[in-house]
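The values are calculated or read from the model by the stated rules, or taken from the named source; none is laboratory data. Computed from a prediction, not measured in an experiment: that's the story for all the values here. Heads up, the Cβs are rebuilt from the backbone with ideal geometry, glycines too, and the neighbour counts pull from every protein chain shown. The area values use the complete protein model at the heavy-atom level, side chains included, leaving out ligands, DNA and RNA. Shrake-Rupley method; radii C 1.70, N 1.55, O 1.52, S 1.80 Å.
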Amino acid sequence: MRIVTVDHLTKIYGHRFNRVGALNDLSFHIDAGEFVGIMGPSGAGKSTLLNIIASIDTPTTGSVWVGGVDLTQLNDAALAKYRREQVGFIFQELNLLSDLTVATNITLPLTFVPPVPSDIDARLAHVADLLDLTGLLARYPTELSLGQRQRVAAARALITQPALILADEPTGSLDSMAATELLSYLTKLNLEEDRTIMMVTHDAFTASFCNRIIFIRDGAYFAEVTRSGSRQAFFDQIIDMEATINGGGKRRETPRVD
Amino acid sequence: MRHLAWTNLKRHRHSTLIGAVAAGVLIALAYAVGALIDMRPLMHATGSVLEDSRLMPAVMTLAWILLLIFIVAFLIYLNTLLLARRTEELDMYRLLGMPSSRLGGVLIWEALMTGAAALVIGLVGGVLLSKLLAMALVRLMGFQTAVGIQWSPQIAGQLTGLFLLVYLIIGAVNAAFIRTLGHQRGRRAEAQHLPPRLSGWQVVLACAGVILVGWSAIGTGNYFAWVRPVRQLTGLPGWGQLGLLTFCGIAGTYLVFRQSLPAAAFLLARWRVVRRHAKWLLAANTLYRWWRRDHFALWLITLLSTLTIAVLGSAAMLLQLGQREVENSMPLPITTSASNEALVEKKAAGLITRQAQVTTKRMVGKTTLRRQGRDDPTTTLYQVMRLSDYQRIRQWQPNLPALQVAPGQAALVLSDPAFLRRGPAQRLVNAGRQITFPADGRTLLISDLTTAFPLGSAIYFDRGLVVADSDYEEMKGVNDPLAVYWLKETAAGHRVEQQLDDQTQIDYVRYDQAVRKGDKLPTATKDTDDSFSRSGLNVRRPMARAVDTLFGFAVFITLLMGGAVLVATACILLLKQVTHAQGRAPVRRVLWQLGMPTSQLTDVAYVSTFGVYLAPLIFASINAFVIVHFIASATAGQTGGLVLVVWAIYSLIDLAFAWLAAQLTDRYG
Ligand SMILES: Nc1ncnc2c1ncn2[C@@H]1O[C@H](COP(=O)(O)OP(=O)(O)OP(=O)(O)O)[C@@H](O)[C@H]1O
Ligand SMILES: [Mg+2]
């Protein structure tokens, strides 16, 4: 079953004389239950893509379908509901609220619209335990290390139990131990609870936890790699593709940036 | 440089606009008041009513100067606000290597451009406002002068010179200020993200603030029996206690904004129920930040609002008091004593529509009355009147109450309402006391008391007494016939009234030791040390007009000042709110990204903005009511409907600003 369909997506920032093409006629789709990595050089448009799928940015042309619904057709209230209930977004820049404790930051999305789920405390305890945040719940974000904050951001995205998890470099600030833990947790969610995950990353090791990697360059689809064998083999494939993309090798399409 | 200045102003267009408009409104006010002083016919008209033609221009000029001082102070404060929120930006220019002389030049240009905009708004608005103000003044003072639009090049020139200079100085000070930048780099940004905290001593101070404010209100108002003994614990005299209470109020209000309100918001945000509703949680958090950061501005605004509401309220109360005073002292068109009847009949020949005579007797009486819990023995002069005459006067003078007087009894008429206290079962405390007359040894029982003088208090030497007709005939005193006249309601009639009012006729009676003992009677005499006096000729209309003019003028001046303060405070809050909203914009964006519905984001903006505006309003209202109530009890005024109307208007304007601020806040992010 398709959960995400990206259809001829183009995003152009700026005005007539100062245009930046962030995405350029990008199309692909993701099936439910996949763990997809998005890779590509800096500035390739990965964050832009994720933002559009999360409906916090709008496409210039083209459309995004999530769960059979065309996001461009939804009104404000419906989009808010979609963000609240269907996607969990782990932001690249974390976006934690400094006035709230870690616990309140994590449970915040559950309290926007009543009724508040009755198992809110149990859910909090659960994600805090999984992400090793139990001892930090009463602290404020400014009192945490960057890696700890990243885990809080992850916990906040996961507590709503969304069908689609979008993660923008969720392991960027984690040491390899913590990164591996978060990734294995994401893998577990993906396998056991059938959550679909889209993760942007620069790091081949992180990417090797996925089962498919879509490579983007200059806002356009470049290539993709699917895991078939062991993780080590997959890792090697990713490294190869990265070398190709950075070496300026063949492309399937020439991006038009005007 | 000019170009960069223009770009900067555009980038901060909301605050630039608010600052320029507020300054413009205040300059308009200054222009209008200045132009009023220049309005010869109007000043002339007031002079003719108030007898002193210099009084009004003098007071107006004083008000004008105060207004200008206030505006300049406000502009300086406004500038510090605007600059404080830009330190980071200016700091960056410096970091990027812009020479401070060049940046200083930019700042001076910015100040001058803002000043020019404010002046244009101010002068155009001022010309329009001057007509409005003149009309309001004419209405309030009860004139029939026509007023046109006032263009006064002289005032416009003075204001332009003054305010360009002020803006130039502000720009120069800003230019000097940026040289000190860099020392505090980063400290402000850090403070913004400091987590909310509540320590033990903060709780103590928070409680202290509430207690101080509460005690200041209760102590000043004297609302409970235990207040007086507690106040006296300090051993201070009355005014000292009041000073201490005022200090408690001011310091307490500061603590409330510095500690109590943030603590309350903090605890609220900690409360489980609130934590489960993101909307309330975020509103509480926003308020916490606001109160922590801007406690000083809020405190200042509370004090200014207190002052404004109190002054406006007292002005309203005094206006009522003045009208009541006229009603009480001259309820009838013309009242005279016997010696002036001939004068009135000569001057008003052919204009008299009705005339009435009332005979009274002057006697010395002795009585002991209770006032403020103490017995107060008094010997004084009484004008005694028949009950039947009193009933007759009641037909012309509807404010007189029905009196209960049987033979052997007397109803006492005096001016101090403190004697009219009622005890259990609504019985007058002083009813049942005795009054004796040394001249004939007679004693009467006081059966009733009132403060409403038949024929008006102006025609009395001191107190009045209403007795049964049979008693009146037997009493031994000096006859003192009084007369009342009604003239034709024509221009000629009014003119004669004016002429009669210009005649000062004072009656004196003898009141020496012998009179007090009853050995001699209080006969008419010349002005001596041992005499009582009264006005022997009282004309109502000119007096009422003078009071209306005077109070109308006073109300006008207070409204003017109140308006200026209101604009200034509301603008400061608005500006702070815009700054704050810009700071909160990233938070709002994150909330939106997390799926908070826009309607709820709007709710948060409204709840927190109204919280910010309501806190000073509530505290200022409480303080102002205490002050007005205090003034009322000191002047025997009544905190009646007009005070409430004034307060309601003030609150409405304040809330309108709150609504505007909420709109702006909701626009960001
Ligand atoms: N708000 C914006 N306005 C203008 N241009 C933008 C905006 N956001 C992104 N861009 C541009 O769009 C392009 C894609 O940006 P994007 O953030 O999606 O890159 P990215 O792949 O996430 O890069 P990184 O790996 O460094 O995070 C970049 O060239 C960027 O400069
Ligand atoms: Mg990115």
TODO: Determine, yes or no, whether B:Arg545 is within 14 Å of chain A (Cβ to nearest Cβ) and either free of Cβ contacts under 8 Å to residues at least 40 places away in the same chain or charged (D, E, K, R) (or both).
DONE: no
Task: B:Gln577 open to solvent by less than 30 Å² (accessible area, probe 1.4 Å) and more than 12 Å from chain A (Cβ to nearest Cβ) - done: yes
TODO: Select from the stretch B:278-309 the residues that are surrounded by 21 or more Cβ atoms within 10 Å (Cβ to Cβ) and more than 14 Å from every other protein chain (Cβ to nearest Cβ) and list them in ascending order.
DONE: B:Asp294, B:Leu298, B:Ile301, B:Thr302, B:Ser305, B:Thr306, B:Thr308, B:Ile309
Open item on the list: Anything in the stretch A:7-35 that is under 30 Å from A:Leu191 (Cβ atoms) and away from ligand 1 (no atom under 15 Å from the Cβ)? List them, or say none.
Closed with: A:Asp7, A:Ser27, A:Phe28, A:His29, A:Ile30, A:Asp31, A:Ala32, A:Gly33, A:Glu34, A:Phe35
Open item on the list: I'm told B:Leu560 meets every condition in (1) surrounded by 18 or more Cβ atoms within 10 Å (Cβ to Cβ); (2) in the same structural domain as B:Arg463 (by TED's automatic domain parsing); (3) aliphatic (A, V, I, L, M) except one. Can you identify the failing condition by its number?
Closed with: (2)
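Do we find a residue being under 25 Å from A:Arg83 (Cα atoms), away from ligand 2 (no atom under 16 Å from the Cβ) and either outside any strand (DSSP E or B) or open to solvent by less than 70 Å² (accessible area, probe 1.4 Å) (or both) anywhere in the stretch A:224-233? Give the steps one after another, and end with the answer.
Keep residues of the stretch A:224-233 that are under 25 Å from A:Arg83 (Cα atoms), which gives none.
No; the residues of the stretch A:224-233 include none that is under 25 Å from A:Arg83 (Cα atoms), away from ligand 2 (no atom under 16 Å from the Cβ) and either outside any strand (DSSP E or B) or open to solvent by less than 70 Å² (accessible area, probe 1.4 Å) (or both).
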- [ ] Please specify each residue of the stretch A:10-19 satisfying the condition of being within 16 Å of ligand 2 (Cβ to nearest atom) and in contact (Cβ under 8 Å) with a residue 12 or more places away in the chain.
- [x] A:Lys11
- [ ] Scan the stretch B:232-258 for residues that are within 15 Å of B:Val612 (Cα to Cα) and not aromatic (Phe, Trp, Tyr) and report the count.
- [x] 3
Task: Residues within the stretch A:107-120 that are open to solvent by less than 10 Å² (accessible area, probe 1.4 Å) and either closer than 17 Å to A:Ser145 by Cβ or free of Cβ contacts under 8 Å to residues at least 12 places away in the same chain (or both), tallied - done: 1
Open item on the list: Against the definition (more than 16 Å from ligand 2 (Cβ to nearest atom), assigned to a strand (DSSP E or B), in contact with a Ser or Thr (Cβ under 8 Å, 6 or more places away or on another chain) and not polar (S, T, N, Q)), how does A:Ala179 come out, yes or no?
Closed with: no
Task: Among (1) more than 17 Å from the chain's Cα centre (by Cα); (2) farther than 30 Å from A:Tyr221 by Cβ - the single one A:Leu96 does not satisfy - done: (1)
- [ ] Sort out for me the helices (runs of 4 or more DSSP H) sitting completely within the stretch B:198-316 that have 3 or more residues that are more than 28 Å from B:Ile649 (Cβ to Cβ) and modelled with pLDDT of 90 or more.
- [x] B:200-221, B:238-255, B:261-270, B:278-293
Open item on the list: Can you pull out every residue in the stretch B:411-468 that is in contact with a Phe, Trp or Tyr (Cβ under 7 Å, 6 or more places away or on another chain) and aliphatic (A, V, I, L, M)?
Closed with: B:Val413, B:Leu449, B:Leu465, B:Val466
Open item on the list: Regarding the stretch A:52-61, can at least one residue be identified that is more than 14 Å from ligand 1 (Cβ to nearest atom) and of a type outside the set (Gly, Ala, Ser)?
Closed with: yes
Open item on the list: Can you report the number of residues in the stretch A:56-81 which are open to solvent by 60 Å² or more (accessible area, probe 1.4 Å) and within 14 Å of another protein chain (Cβ to nearest Cβ)?
Closed with: 5
TODO: Could you list all residues from the stretch A:82-102 that are over 21 Å from A:Tyr140 (Cα atoms) and at the interface with chain B (Cβ under 7 Å from one of its Cβ atoms)?
DONE: A:Arg83, A:Arg84
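I'd like the full set of residues that are within 14 Å of ligand 2 (Cβ to nearest atom) and hydroxyl-bearing (Ser, Thr, Tyr), limited to the stretch A:29-84.
A:Ser42, A:Ser47, A:Thr48
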Task: Qualifying residue in the stretch A:36-44 (condition: within 11 Å of ligand 1 (Cβ to nearest atom), within 14 Å of chain B (Cβ to nearest Cβ) and under 16 Å from the mean Cα position of the chain (by Cα)) - done: no
Open item on the list: Anything in the stretch A:137-153 that is more than 11 Å from chain B (Cβ to nearest Cβ) and open to solvent by 20 Å² or more (accessible area, probe 1.4 Å)? List them, or say none.
Closed with: A:Leu137, A:Ser145, A:Leu146, A:Gln148, A:Arg149, A:Arg151
Open item on the list: If I filter the stretch A:159-191 down to residues being polar (S, T, N, Q) and more than 16 Å from ligand 1 (Cβ to nearest atom), which single residue comes out as farthest from the other protein chains (Cβ to nearest Cβ)?
Closed with: A:Ser176
